[in-house]
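A.B. asks: The following block contains the structure, expressed as structure tokens.
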Amino acid sequence: MNNDPIIRINRVRKSFGPVCAVSEVTLDIAPGEFFTLVGPSGCGKTTLLRMLAGFETPDGGSIRIDGTSMIGVPANKRPTNMVFQNYAVFPHMSVADNIAYGLRAARVAKGEIIGRVEEALAMVGLAGYGARSPAALSGGQRQRVALARALVLRPKVLLLDEPMSALDKKLREQMQVELRTLQRTVGVTFVLVTHDQEEALILSDRIAVMFEGRIAQVATPHDLYQRPQSREVADFIGVMNFLSAHATVSTPDGMTVEIEGLGQVTIPRSQAPANLGDDPVVGIRPEMLTILQDGTHAAGRSARGSLVDLQY
Amino acid sequence: MVQAGLFHMILRSCRRAVAPSPGLVLISPPFLYALILLAAPIVGVVMLSFWSQDFLEIQRDFTFANYQTAWTERVYQVLMLRSIKVALLVTVATVLLAFPMAYFLSFHIPKRRKQLWLFLITIPFWTSYLVRIFLWKVILGYNGVINGTLTTLGIIDEPLRFILYNQAAVVMTLSHAWAPFAVLPIYVALEKIDRSLLEASVDLGDGPLRRFFRITLPLAMPGVVAAVLIVFIPTVGDYITPNLVGGPNGLMIANMIEVQFKKANNDPLGAALALSAMALVGTMALLFIWATRKYLRSPS
Amino acid sequence: MQRMIRNGLAGIAAVIIGSTAGLAEGSDLVVLDWSGFDDEGFYQGYLEKHGTPPSYSFFGEEEEAFKKLRAGFAADVAHPCSQSISKWHEAGLLEPLQIDRIERWDDVNANMKEAFNFDGNYYMLPVDWGTTAIAYMPDRIQAEDVETLQIFLDPDYAQQISLPDNVDDVYALAFLATGVSDWTTASEDDFARASAWLRDAHRNVRTYWRDGAELSQLLASGEVSIAWAWNETPTTMRLDGVNVGYNRSPVEGSSTWFCGYVDLAGGPGDESLVYDFFNAWLEARSAEYIVNEWGYGHGNQAAVDALGSDVLDAAGLGAVSVPILFQSPMDNSLREKMIAEFELIKTGF
């Protein structure tokens, strides 16, 4: 990831009437990255993706893909391809014709088309399905067709708009694994849009969390989970308990805070951006808590409590 | 008669689109209705076509003579071909005019205005078919709108006579009369196209024109087919329009069928002509449906 | 008006009216008539006697009425024209008139009533008639040009001519133009000559007119300048202030058609009502009304003559000195041939 970014988004704005969908977004995405835009619905992530694809025009700012400005470049001339939320598999064409669609648009030679379609089918595990009609395919198979149809064109960037939202949970988990593997195999930059933070954490190299048209934080899944930079990000990613506290002691190694009802807790410096005298909010991931027998606790890292309910 | 029979055939070809019925009970009243008012008269006409008539007496001896007359005599051949030619021209003109209208309505009118536009398109239906034909006479007539305008502008000295009372006038009048019937099914087909398919087509590299021919048109074909059949089939059997604006060379087969049943006292020949026209139109309709299926299957 | 709606559309309108109006009210007499003939001016005597008009059912063309009656429609009297009577008679639809119950039978036009004397029985009471001759627009056509029927063949007037879409009127023209003024005696050769003449005339025809209103428009708009027309058309056009010529005296002659009432066999109503209706029609006031208001002749010849030649000439009903082809019944087989031939000619064969 030492190369120049494949996508440079600089101060991009977009409004629909009075509604501001994307405001002043600046973002770089590196080649070969699996990058995810995550956020609640209406946060502007899909609009941003559609501006990358060329289906929406930014009101201001610039988008460069592979060093070329995309302003004024129509969707059919961009080095991107997209997997749509409902896959948009052409119902009147066979699977093979769907996959060959872009190759025919690019006027690739007939013989080459056949080979590349076969290759793409094999890549998504649909070898032998070429002659089938999309109507005879399951949701997961249609998604693979959509993937093959986009990847067969060897795009610089593959855009995926909520590709898993139409699948049931089990299939979704399976497809997530396959998608990740596929991305590593082909090495193409993937930009995924999802509202599912779990999916984002599983799949991505880096994640941008968006709220109300702006980016709240860009980080790796680990950092995002462990070191959310704001309460809204912490709240959105995973489950978090929020507790009010008061900072009492600050050392180079960490900070000791007084948490109401829990007493004093020392937090490593890297996870404690607050200053002495602040009234920070302390977030604790539930899975980081361990329930200990009375009397076995360690001083400064535990608090006394009573168990009132137990669920499996 | 031609029309009734062919609508029946369309119904049959559309049956595949209709979901399996929840019960025979539900369809039996309309079915009985169709049986009595559609099937029974057709059976009657079929029987009649194999009989003969001597002035007023129907002779019930089986004969193919009516069909032989219907298919071999020049006058019936000419009228049949002319009817098909006129109907084809009307169909092509109507569908070519209706498609852009339906396209505009579906793709360029904001959703909340579509109802209003549909309503506006149906306004011509509020006036009787006959009134609309007469309006065309006013437009195309010797001192009509077109001639009046051209004369006033000094483009012509003498009013043009070749714009009314010929086959072109029949084609024009029928095309206008049937346009809304063609717009509506095409519009419905276009509305049903998932817009993301169009984006996908562009995303995969197609410009607007290629997208139209590879995605929009094939997916709108069910509507186009419906429009073609709805316009073509009844137009072959139209006899009022040719009577009113066709002039001496604009008469069609249905005019001759009417004559056989009325003035000419030859009901069996009339029946044979009607059934021949029906068979011919039915065959053409089926060929057309087959051809469009074939077109849709071919890769593009 | 009667023949105005002989064919085509007006006919369709009339069927619709006919199927909804009529039978529900009125007295017991059921009249199957041309649409528009329920005008009370025609049968005031009947109204005075019975208080209510007969029940009317309408038709737009005779073939339609014929089919309706054959299909079992029950009516007491009907109003066909001369060319249909023998067909209706052969179909067994008619019963003979009891002429002793018709008060003014002796005043009825002799030619017309005798035309339907079959084996000593009369089958039709003529009530209305008219003439067919050349109507022309004087601003475009010189009067001397319409002194001969051959103007219909003149290439100078191509596309300025309209002929009736009516086999009887059109063949009346063709027979007259080829020198036959009595078609009851026409030979095969006469028929062939008339058909050939009609074929030539067809080339000049802009359109065949189907009703008087259509013809009025064709003439008034300039679409055509010359037509083979019924006298009612110039009469009504002049009432509208249009200057139109009507020449019943071209050298070859012109034609007369007539229609009347028939007593239908097995009618549901009382026979005495039938004759009250007939007698009301034959009154002089009915004759005056139809001539003045409708531009038609009337079957009561004595009453028509009493109106004076000025009135009759103005209506195109007066006496002329040229041959008159009287549209009396002809042999059914010749008429069938005429019908078939006319359809061929219209199609361009």
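A.B. asks: For the stretch C:186-200, what are the residues that are in contact with a helix residue (DSSP H, G or I) (Cβ under 6 Å, 6 or more places away or on another chain), buried (at least 18 other Cβ atoms within 10 Å of the Cβ) and touching a residue at least 40 places away in the same chain (Cβ under 8 Å)? I'd like the intermediate steps shown before the answer.
C.D. replies: Taking the stretch C:186-200 as the starting set, the residues that turn out to be in contact with a helix residue (DSSP H, G or I) (Cβ under 6 Å, 6 or more places away or on another chain) are C:194-195, C:197-200.
Subset that is buried (at least 18 other Cβ atoms within 10 Å of the Cβ): C:194-195, C:197-198.
If the condition is that a residue be in contact with a helix residue (DSSP H, G or I) (Cβ under 6 Å, 6 or more places away or on another chain), buried (at least 18 other Cβ atoms within 10 Å of the Cβ) and touching a residue at least 40 places away in the same chain (Cβ under 8 Å), then C:S195, C:W197, C:L198 are the ones that fit.
A.B. asks: Shifting gears a bit: Condition test on B:G282, is it assigned to a helix (DSSP H, G or I) and more than 14 Å from chain C (Cβ to nearest Cβ)?
C.D. replies: On the way: assigned to a helix (DSSP H, G or I): yes; more than 14 Å from chain C (Cβ to nearest Cβ): yes.
Yes; evaluated as a whole, the condition is true for this residue.
A.B. asks: I'd like to know if the stretch C:95-102 contains one or more residues that are β-branched (V, I, T) and buried (at least 18 other Cβ atoms within 10 Å of the Cβ). First the steps, then the outcome.
C.D. replies: Kept after step one, since they are β-branched (V, I, T), are these residues of the stretch C:95-102: C:99, C:102.
Still in the running and buried (at least 18 other Cβ atoms within 10 Å of the Cβ): C:102.
Scanning the stretch C:95-102, I find at least one residue that is β-branched (V, I, T) and buried (at least 18 other Cβ atoms within 10 Å of the Cβ), so the answer is yes.
A.B. asks: Okay, next question. Considering only residues of the stretch A:245-272 that are within 30 Å of the chain's Cα centre (by Cα) and surrounded by fewer than 12 Cβ atoms within 10 Å (Cβ to Cβ), which is modelled with the lowest pLDDT? Talk me through it step by step, then tell me what you get.
C.D. replies: Filtering the stretch A:245-272 for residues within 30 Å of the chain's Cα centre (by Cα) gives A:267-272.
Now narrow it down to the ones that are surrounded by fewer than 12 Cβ atoms within 10 Å (Cβ to Cβ): A:268, A:270.
On the way: A:P268: 80, A:S270: 75.
That would be A:S270.
A.B. asks: Scanning for something out of contact with any Lys or Arg (no Cβ under 7 Å at 6 or more places or on another chain) and in a helix (DSSP H, G or I), does the stretch B:49-59 turn up at least one residue?
C.D. replies: The answer is yes; a qualifying residue exists.
A.B. asks: Follow-up. Going by the conditions given, is C:K67 in contact (Cβ under 8 Å) with a residue 60 or more places away in the chain, surrounded by 14 or more Cβ atoms within 10 Å (Cβ to Cβ), out of contact with any Lys or Arg (no Cβ under 6 Å at 6 or more places or on another chain) and not in a loop (DSSP other than H, G, I, E, B)?
C.D. replies: Numbers: in contact (Cβ under 8 Å) with a residue 60 or more places away in the chain: no; surrounded by 14 or more Cβ atoms within 10 Å (Cβ to Cβ): yes; out of contact with any Lys or Arg (no Cβ under 6 Å at 6 or more places or on another chain): yes; not in a loop (DSSP other than H, G, I, E, B): yes.
Answer is no for this residue.
A.B. asks: Give me the strands (runs of 3 or more DSSP E) completely within the stretch C:224-329, filtered to those with at least 3 residues that are more than 30 Å from B:L164 (Cβ to Cβ), ordered by residue number.
C.D. replies: Those strands (runs of 3 or more DSSP E) span C:254-264, C:324-326.
A.B. asks: Applying the selection to the stretch B:254-271, what residues are under 18 Å from B:V46 (Cβ atoms) and at the interface with another protein chain (Cβ under 10 Å from one of its Cβ atoms)?
C.D. replies: Within the stretch B:254-271, B:Q260, B:F261, B:N266, B:D267 qualify.
A.B. asks: What are the pairs with Cβ atoms under 6 angstrom where one residue, in the stretch C:210-222, is within 11 Å of another protein chain (Cβ to nearest Cβ) and the other, located anywhere, is among the polar types (S, T, N, Q) and surrounded by fewer than 23 Cβ atoms within 10 Å (Cβ to Cβ)? Sequence gap at least six, or different chains.
C.D. replies: As it stands, the answer is C:S221/B:N143; C:G222/B:N143, since those pairs meet every condition given.
A.B. asks: Counting residues that are aliphatic (A, V, I, L, M), touching a Lys or Arg at 6+ places or on another chain (Cβ under 9 Å) and closer than 21 Å to A:C43 by Cα, which strands (runs of 3 or more DSSP E) fully inside the stretch A:207-269 reach at least 1?
C.D. replies: A:214-219
A.B. asks: Please work out which one of (1) closer than 28 Å to C:G222 by Cβ; (2) modelled with pLDDT of 95 or more is the condition C:Q160 fails and give its number.
C.D. replies: Against the list (1) closer than 28 Å to C:G222 by Cβ; (2) modelled with pLDDT of 95 or more, C:Q160 comes up short only on (2).
A.B. asks: If I go through the stretch B:138-153 residue by residue, how many of them are within 11 Å of another protein chain (Cβ to nearest Cβ), within 26 Å of the chain's Cα centre (by Cα) and assigned to a helix (DSSP H, G or I)?
C.D. replies: Of the residues in that region, 2 qualify.
A.B. asks: Further question on the same structure: Just checking, which of C:D211, C:D128, C:D169, C:D154 is of a type in the set (D, E, K, R) and surrounded by fewer than 17 Cβ atoms within 10 Å (Cβ to Cβ)? Spell out the reasoning first.
C.D. replies: Working: C:D211 fails: surrounded by fewer than 17 Cβ atoms within 10 Å (Cβ to Cβ); C:D128 fails: surrounded by fewer than 17 Cβ atoms within 10 Å (Cβ to Cβ); C:D169 fails: surrounded by fewer than 17 Cβ atoms within 10 Å (Cβ to Cβ).
Just one listed residue meets the conditions, C:D154.
A.B. asks: How many residues, within the stretch A:12-31, are over 20 Å from the mean Cα position of the chain (by Cα) and not in a loop (DSSP other than H, G, I, E, B)? Let's see the steps before the verdict.
C.D. replies: Step one: of the stretch A:12-31, the residues over 20 Å from the mean Cα position of the chain (by Cα) are A:13-20.
The next check asks that each one be not in a loop (DSSP other than H, G, I, E, B); those that pass are A:13-16, A:19-20.
Selection size over the stretch A:12-31: 6.
A.B. asks: Turning to a different aspect of this structure: How about the stretch A:22-46: which of its residues are buried (at least 22 other Cβ atoms within 10 Å of the Cβ) and either free of Cβ contacts under 8 Å to residues at least 40 places away in the same chain or small (G, A, S) (or both)?
C.D. replies: Residues satisfying the conditions are A:G39, A:G44.
A.B. asks: Please verify whether C:K87 is under 23 Å from C:Y171 (Cα atoms), out of contact with any strand residue (DSSP E or B) (no Cβ under 9 Å at 6 or more places or on another chain) and within 14 Å of chain B (Cβ to nearest Cβ), treating the condition exactly as stated. Show your work before the answer.
C.D. replies: Values: under 23 Å from C:Y171 (Cα atoms): yes; out of contact with any strand residue (DSSP E or B) (no Cβ under 9 Å at 6 or more places or on another chain): yes; within 14 Å of chain B (Cβ to nearest Cβ): yes.
For C:K87, the condition - under 23 Å from C:Y171 (Cα atoms), out of contact with any strand residue (DSSP E or B) (no Cβ under 9 Å at 6 or more places or on another chain) and within 14 Å of chain B (Cβ to nearest Cβ) - is met.
A.B. asks: Continuing with the same structure: Filtering the stretch A:93-107 down to residues that are touching an Asp or Glu at 6+ places or on another chain (Cβ under 9 Å) and either at the interface with chain B (Cβ under 7 Å from one of its Cβ atoms) or assigned to a loop (DSSP other than H, G, I, E, B) (or both), which residue is nearest to A:R11 (Cα to Cα)?
C.D. replies: Among those residues, the one meeting the criterion is A:G102.
A.B. asks: If I go through the stretch B:47-77 residue by residue, how many of them are β-branched (V, I, T), closer than 23 Å to C:E63 by Cβ and surrounded by fewer than 15 Cβ atoms within 10 Å (Cβ to Cβ)?
C.D. replies: So in the stretch B:47-77, the residues β-branched (V, I, T) come out as B:58, B:63, B:69, B:72, B:75.
Going one step further and asking which of them are closer than 23 Å to C:E63 by Cβ, we end up with B:58, B:69, B:75.
Still in the running and surrounded by fewer than 15 Cβ atoms within 10 Å (Cβ to Cβ): B:58.
Residues that pass the stated criteria total 1.
A.B. asks: Got a number for residues in the stretch A:226-244 being buried (at least 18 other Cβ atoms within 10 Å of the Cβ) and free of Cβ contacts under 8 Å to residues at least 40 places away in the same chain?
C.D. replies: 1
A.B. asks: Quick check on my filter: what residues within the stretch A:74-92 are assigned to a loop (DSSP other than H, G, I, E, B) and either of a type in the set (K, R) or at the interface with chain B (Cβ under 7 Å from one of its Cβ atoms) (or both)?
C.D. replies: Here is the first cut: in the stretch A:74-92, the ones assigned to a loop (DSSP other than H, G, I, E, B) are A:74, A:78-79, A:84-92.
Listed by number, the residues that qualify are A:R78, A:F84, A:N86, A:A88, A:F90, A:H92.
A.B. asks: Does A:L171 fit the bill of being crowded, with 17+ Cβ neighbours inside 10 Å and either out of contact with any His (no Cβ under 8 Å at 6 or more places or on another chain) or within 26 Å of B:T216 (Cβ to Cβ) (or both)?
C.D. replies: On the way: crowded, with 17+ Cβ neighbours inside 10 Å: no; either out of contact with any His (no Cβ under 8 Å at 6 or more places or on another chain) or within 26 Å of B:T216 (Cβ to Cβ) (or both): yes.
In short, no.
The values are calculated or read from the model by the stated rules, or taken from the named source; none is laboratory data. Just so we're clear, the structure is a prediction, and the values are computed from it rather than from any experiment. Every residue, glycine among them, receives a Cβ derived from its backbone with ideal geometry; neighbour counts consider all protein chains shown.
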